[in-house]
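First comes the structure, then the notes that go with it.
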Amino acid sequence: MADKGSKGVRKSERLQHELLVAYRTVDGFITDWAVNISRGGMFINTRNPLALGSVVRLIVSLPDAAFPFDLTGRVIRVHPNDPDSDQVAGMGIEFIDVDEDKRVRLERFVDRLRKELPDLAPPPAKK
């Protein structure tokens with residue numbers, strides 16, 4: 001998730017998968033759903049995204065892990081809540097300062113998920 005709102009090149013392939021994520025905001029501790037994940041980040045579905053550039057501490061619950069673990073991320077993309085748009089409200093988070101153990105756990109989860117998800121044909125191009 002390497003773009004900042006424009007159509008950039010991603011560092012890692014995103015996989016559509018819901019994953020429970022908790023994070024702290026100025027208003028308290030929030031639990032939301034990440035709707036996709038990659039080795040380098042995730043997109044969190046929220047009506048109240050944090051500001052672009054915000055650093056956030058995430059608590060991630062991977063299905064194959066006995067306990068949740070924490071990650072640090074930076075908001076690199078924001079989609080505001082807009083009822084007139086078909087775009088999902090939320091924020092793209094790029095993982096930063098990931099230690100080796102957590103990086104390996106994330107990569108293992110994403111690789112396993114990639115193998116388990118059916119290959120989907122790309123949608124037809126709109127004319």
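Any read-out appearing in this document is the output of simple, stated calculations on the displayed coordinates, not a laboratory observation. Owing to the predicted nature of the structure, the values given are computational and were not obtained by experimental measurement. Every residue, glycine among them, receives a Cβ derived from its backbone with ideal geometry; neighbour counts consider all protein chains shown.
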* Got a sec? How would T46, T25, T31 order by Cβ neighbour count within 10 Å, fewest to most? -> T31, T25, T46
* **Under 5 Å, built H, 5+ apart or other chain: amide partners of T72** => L58, I96
* In sequence order, what are the phi-derived ³J(HN,Hα) couplings for segment 51-63 according to the Karplus relation 6.51 cos²θ - 1.76 cosθ + 1.60 with θ = phi - 60°, rounded to whole Hz, with x for glycine and proline? -> 5, 3, x, 4, 9, 9, 9, 10, 10, 10, 10, 7, x
* Likely footprinting exposure, V88, V56, V35, V26, fewest C-beta neighbours within 10 Å first -> V26, V88, V35, V56
* Asked: Per-residue HN-Hα couplings for segment 90-102, Karplus 6.51 cos²θ - 1.76 cosθ + 1.60 at θ = phi - 60°, whole Hz, x for Gly and Pro?
  -> x, 9, x, 10, 9, 5, 10, 6, 7, 6, 4, 4, 5
* Structure fact -> Long-range amide H partners of S54, meaning residues 5 or more apart or on another chain whose placed amide H is closer than 5 Å, are V75
* Asked: When only alpha-carbon atoms count, how far does segment 16-84 stretch along each of its three principal axes, as whole angstroms with the largest first?
  -> 38, 26, 19
* To do: Amide H neighbours of G41 under 5 Å, at least 5 residues apart or on other chains, H built in the peptide plane: list them.
  => F95
